[in-house]
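To keep things clear, I will list the structure first and then write my remarks on it.
The values are calculated or read from the model by the stated rules, or taken from the named source; none is laboratory data. All figures in this text were calculated on a predicted structure; none of them were measured in a lab. Here the Cβ is made from the backbone with ideal geometry for all residues, glycine too, and neighbour counts use every protein chain on show. Keep in mind that these areas ignore ligands, DNA and RNA; they rest on the heavy atoms of the full protein, side chains included. Shrake-Rupley method; radii C 1.70, N 1.55, O 1.52, S 1.80 Å.
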Amino acid sequence: MSPNGPLLRLSSDTADTVIVGGGCVGVSLAYHLAKAGRKDVVLLEKTELTAGSTWHAAGLTTYYHPGINLKKVHYDSIKLYERLEAETGQAVGFHQPGSVRIASTAARVDEMRYQMTRTHWHVTPQYMIGPEKVQEIFPLINMDKVLAGLYTPGDGHIDPYSLTMALAAGARMYGAQIYNPAPVTGLEPTADGRWDVQTPHGTIRANRIVNASGFWAREVGKMVGYEHPTIPVHHQYVVTATVPEVKALKKELAVIRDLEGSYYLRQERDGLLFGPYEKMEKMVLQDSWVRDGVPPGFGKELFESDLDRIMEHVEMAMEMVPVLKKADIINIVSGPITYTPDLLPMVGPFQAVRNYWTAIGFGYGVIHAGGIGKFLSDWIMNGEPPYDLIECDPNRYGKWADVPFMCAKARESYGFNNVVGYPKEERFAGRPTVRTSGVYQLLRDRASMGFHAGWEQPHWFYKPGDDKGYEPSFRRTNWFGPVGRECQLVMERVGVIDLTPFGKFMVKGKDSHKLLDRLFANNMPKVGLTNISHMLTPNGRVYAEVTITQLAPGEFLLITGSGSELHDLRWIETEAAEGGYEVDVTNVTDDIGVLGIAGPNSRKVLQKLTDEDMSDAGFKFLHCKSIKLAGLPVRAIRISYTGELGWELYMDQKNMAAVYQAMMEAGKDEGIDNFGTYAMSSLRLEKGFRGWGAEMNCDTNPLEAGLDYFIKLNKPADFIGKAALQEIKAKGLKRKLSYLSLDTDDIDPEGNETIWHNGKVVGNTTSGAYSYSSQQSLAFAYLPMELCSVGQKVEVELLGRKYPAMVIQEPLVLTEPTRTRLQKKEKSKNI
């Protein structure tokens, strides 16, 4: 088979990596792997390169992304596109006139301020500008509604076909093989974790496969036993003939995004191109492809256009850019682009299927292609992700993400494409899924629910007189008072929380202790005990935080956060398989319900329901026991992420409601009530508890995160990341997690805000909340070592204003075990 012409025969029957799909994302990965020195990289394209969504894309490129880590993806893409033509000799048609996001409401102005503070600590150039500057950058705009703009120089657009061909030229130049037409007809796993990739022209045995097949992703996924939650949507854009006012301009117009009008608009030669995102009730899903598959031969075809469907947005565009009113439309492009339920792609290795990777679900493939190609290439080459990108982890969706959910969420995500992005955002389409806990029906009408990995979990609870419901804001809103009430409940009486969304795994077998000693940096707990442990990457970064309990000799219960359930399980399963450990790893997340009970009266409540000795001496901190609670079997662990006296109670889902009701009845005299995750977050921050995904992740090492207590560098086992961590420790830290108090007004830090000192950016917050105990805002933040001392003053930027902050001693409030220990020590002194 010739890599550059008709497919006749395979040049090799083995490969290191086989990439399935020749759109811009797949070809970018081939380019990056080959350039990094990976040998035997093969890309198989069923028809021709760019067929699918790439060839008809509008080609927009922007540094902007509301997410923190996807900014890095966009940055890497643009920097690659800037040099690609010189590197490969292939023109890419890259235009960089900049772009402006238009704010025409007060909420939009707040959103831009919010995004600015999340950008200052990144390398991305971004500026908030006034109306006059907006008009200077885009002189054809109607200024009547323009309040401000978010300006990103370096943004623009690129020709998707030319980009893909340049990437392909580079991939071949560095040694990758690209074959087309080469449809994949089957994928068969081998006993040693490799794959036999079947084509009409022969079979390739590959060390790994990467599904980068765009809207064919479901078809390829079915070959390995998975139905990926991806669905094509109809996206239209309009191209005009020459517009005299555009032709007369001396320089190219910046791209604009009219957020209230929900469309983008850019210059196309001497005319204009604009593409709207219709509301969810008007947009069109190609759901027949989910049901019946993509029609054979569909590749460089389009859908029939429907101008009426987007007419509302066309009229808004004409009002914002009046020259459009006289412009002649010469083309309406209506083609399929692929959506996931949350609009983010699915990038990385897949859980439960060894050496199967995905790079699918790209609603914005052109701007993601360069950066994602580099991200995946670095991961494959180095054995760990180059930075945290868990929001794009393909394992964030489980079997609960069924077709009705996928369709409802894709419709919502498309229709909400340009809605204001608030902190603590909730979207409600497709909810609830099949993942509801045993107490959901009891709580659903009494609480504001949050969505966590398919689960419904109370954020905060209503009382008579409260302003109910979801009211998003950049400032304190209707939840603020009730959450304070719940914090007081836990601190002074006793509260109950549904913690069922935790990921839960059972690990047992001959090599279970040996496997976990290899995976975790802490020592393994003895039978009946619990500890907090961390999985590290080979380079010594924090891959996961897990609560481990040894239930019986060689039998362990592992608990992780809801958002990292399959992310963590994949890491464990991969090490077990590649290391040849004799273990059984079982995901019991859906089977086990969890209730947390916390507060000074929690012991009294539980003691009424059990014969087990619940006293401090009888049931010590971080101990685990199997008990009967109201006559029902419960596994109780004395631990609470509020930092107060408390237990986590693990039980069969079907028993949850009965146990919950028994506790609520037994606790009436103790003042028992419900509390939610917002209160737990405030309480954990007061106690100085770090959270995975905030204070620690794949961008941080445990030493700078202040996790030294949990890292046993002297333990005999050679845990993953040990050598790297020893080297980090020897070299010394450059930054450290610090604990800040802030002097604010009606706003609190959320995390990822910029920190300033003497007019310079010096760090970023990781999480924040209001402390109801001390009546001040708190935040964790990474600061350079020279600014970490207690008493150090800095400023934290919130909504465009810099608020005074100071490094304080942590924790602000001592945990209950610490308070109890100090009280006992004081008593012994006085005896």
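Looking at the range 330-353, can you tell me whether even one residue there is in a helix (DSSP H, G or I), open to solvent by 10 Å² or more (accessible area, probe 1.4 Å), touching a residue at least 40 places away in the same chain (Cβ under 8 Å) and within 20 Å of Phe298 (Cβ to Cβ)?
Residues of the range 330-353 in a helix (DSSP H, G or I): none.
Checked the range 330-353: no residue is in a helix (DSSP H, G or I), open to solvent by 10 Å² or more (accessible area, probe 1.4 Å), touching a residue at least 40 places away in the same chain (Cβ under 8 Å) and within 20 Å of Phe298 (Cβ to Cβ).
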Inset, instruction - Determine which single condition Phe505 fails, assuming it passes every other condition in (1) open to solvent by less than 30 Å² (accessible area, probe 1.4 Å); (2) in contact with a Lys or Arg (Cβ under 7 Å, 6 or more places away or on another chain); (3) of a type in the set (Phe, Trp, Tyr). - result: (2)
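Can you pull out the residues in the range 455-495 that are farther than 30 Å from Val585 by Cα and part of a strand (DSSP E or B)?
Selection gives His459, Trp460, Phe461, Val494, Gly495.
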Inset, instruction - Determine which single condition Gly579 fails, assuming it passes every other condition in (1) farther than 16 Å from Phe710 by Cα; (2) out of contact with any Lys or Arg (no Cβ under 8 Å at 6 or more places or on another chain); (3) touching a residue at least 60 places away in the same chain (Cβ under 8 Å). - result: (2)
Inset, instruction - Output the residues belonging to the range 705-727 that are charged (D, E, K, R) and open to solvent by less than 20 Å² (accessible area, probe 1.4 Å). - result: Lys715
Inset, instruction - Return a yes/no flag: does the range 283-303 have any residue that is within 18 Å of Asp328 (Cα to Cα) and open to solvent by 10 Å² or more (accessible area, probe 1.4 Å). - result: no
Inset, instruction - Would you mind listing the strands (runs of 3 or more DSSP E) fully within the range 497-596 where at least 3 residues are hydrophobic (A, V, I, L, M, F, W, C) and under 26 Å from Gly398 (Cα atoms)? - result: 503-508, 530-536, 542-552, 555-560
Inset, instruction - Filter the range 368-394 down to residues that are open to solvent by less than 10 Å² (accessible area, probe 1.4 Å) and either in the same structural domain as Gly37 (by the TED database) or outside any loop (DSSP other than H, G, I, E, B) (or both), then give me how many there are. - result: 11
Inset, instruction - Within the range 740-791, track down each residue that is of a type in the set (D, E, K, R) and either assigned by the TED database to the domain that holds Pro125 or farther than 16 Å from Pro423 by Cβ (or both). - result: Asp743, Asp745, Lys760, Glu786
Inset, instruction - Could you tell me whether the range 589-612 includes any residue that is under 26 Å from Met524 (Cβ atoms) and of a type in the set (S, T, N, Q)? - result: yes
Inset, instruction - Give the residues of the range 454-493 that are touching a strand residue (DSSP E or B) at 6+ places or on another chain (Cβ under 8 Å) and open to solvent by 20 Å² or more (accessible area, probe 1.4 Å), sorted by residue number. - result: Tyr462, Lys468, Gly469, Tyr470, Arg476, Trp479, Phe480, Arg493
Inset, instruction - May I ask you to verify whether Ser562 is closer than 23 Å to Ala705 by Cβ, open to solvent by 20 Å² or more (accessible area, probe 1.4 Å) and in contact with a Ser or Thr (Cβ under 9 Å, 6 or more places away or on another chain)? - result: yes
Inset, instruction - Scan the range 637-682 residue by residue and report those that are in a strand (DSSP E or B) and either within 31 Å of the chain's Cα centre (by Cα) or among the charged types (D, E, K, R) (or both). - result: Ile637, Gly646, Trp647, Glu648, Leu649, Tyr650, Met651, Asp652, Asp673, Asn674
Inset, instruction - Scan the range 201-223 and give yes if some residue there is modelled with pLDDT under 95 and in a loop (DSSP other than H, G, I, E, B), otherwise no. - result: yes
Inset, instruction - Quick one: in the range 514-553, of everything that is more than 25 Å from Ser640 (Cα to Cα) and in contact with a strand residue (DSSP E or B) (Cβ under 8 Å, 6 or more places away or on another chain), which residue is surrounded by the fewest Cβ atoms within 10 Å (Cβ to Cβ)? - result: Thr537
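Report those strands (runs of 3 or more DSSP E) wholly inside the range 728-793 carrying at least 1 residues which are free of Cβ contacts under 8 Å to residues at least 24 places away in the same chain and open to solvent by 60 Å² or more (accessible area, probe 1.4 Å).
Counting at least 1 such residues, we get 760-771.
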Inset, instruction - Scan the range 170-214 for residues that are of a type in the set (Gly, Ala, Ser), surrounded by fewer than 22 Cβ atoms within 10 Å (Cβ to Cβ) and over 27 Å from Thr230 (Cα atoms) and jot them down. - result: Gly175, Ala191, Gly202
Inset, instruction - Would you check which residues across the range 555-570 are touching a strand residue (DSSP E or B) at 6+ places or on another chain (Cβ under 6 Å) and over 14 Å from Phe502 (Cα atoms) and list them? - result: Glu555, Phe556
Legend entry - So Gly430, is it buried (at least 19 other Cβ atoms within 10 Å of the Cβ), assigned to a loop (DSSP other than H, G, I, E, B), in contact with a strand residue (DSSP E or B) (Cβ under 7 Å, 6 or more places away or on another chain) and of a type outside the set (Phe, Trp, Tyr): no
Inset, instruction - Being in a strand (DSSP E or B) and among the aliphatic types (A, V, I, L, M) is the filter; apply it to the range 605-633 and report the residue that is surrounded by the fewest Cβ atoms within 10 Å (Cβ to Cβ). - result: Leu632
Inset, instruction - With the condition kept exactly as written, say whether any residue in the range 698-717 is touching a Pro at 6+ places or on another chain (Cβ under 9 Å), assigned to a helix (DSSP H, G or I) and more than 23 Å from Phe619 (Cα to Cα). - result: yes
Legend entry - Filtered residues of the range 400-424 (kept if under 22 Å from Ile102 (Cβ atoms) and part of a helix (DSSP H, G or I)): Ser413, Tyr414, Gly415
Legend entry - Phe428 vs. criteria touching a helix residue (DSSP H, G or I) at 6+ places or on another chain (Cβ under 9 Å), aromatic (Phe, Trp, Tyr), farther than 29 Å from Lys279 by Cα and modelled with pLDDT of 95 or more: no
Legend entry - Tally of residues being within 26 Å of Pro139 (Cα to Cα) and open to solvent by 20 Å² or more (accessible area, probe 1.4 Å) across the range 83-108: 10
Legend entry - Members of the range 26-70 that are outside any loop (DSSP other than H, G, I, E, B) and of a type in the set (S, T, N, Q): Ser28, Thr61
Inset, instruction - Could you tell me whether the range 795-818 includes any residue that is within 18 Å of Ala769 (Cα to Cα), basic (Lys, Arg) and surrounded by 12 or more Cβ atoms within 10 Å (Cβ to Cβ)? - result: yes
Inset, instruction - Give the range 224-252 a look and list any residue that's surrounded by fewer than 23 Cβ atoms within 10 Å (Cβ to Cβ) and either touching a Cys at 6+ places or on another chain (Cβ under 6 Å) or in a loop (DSSP other than H, G, I, E, B) (or both), or say none. - result: Val224, Gly225, Tyr226, Glu227, Ala241, Thr242, Val243, Ala248, Leu249, Lys250, Lys251, Glu252
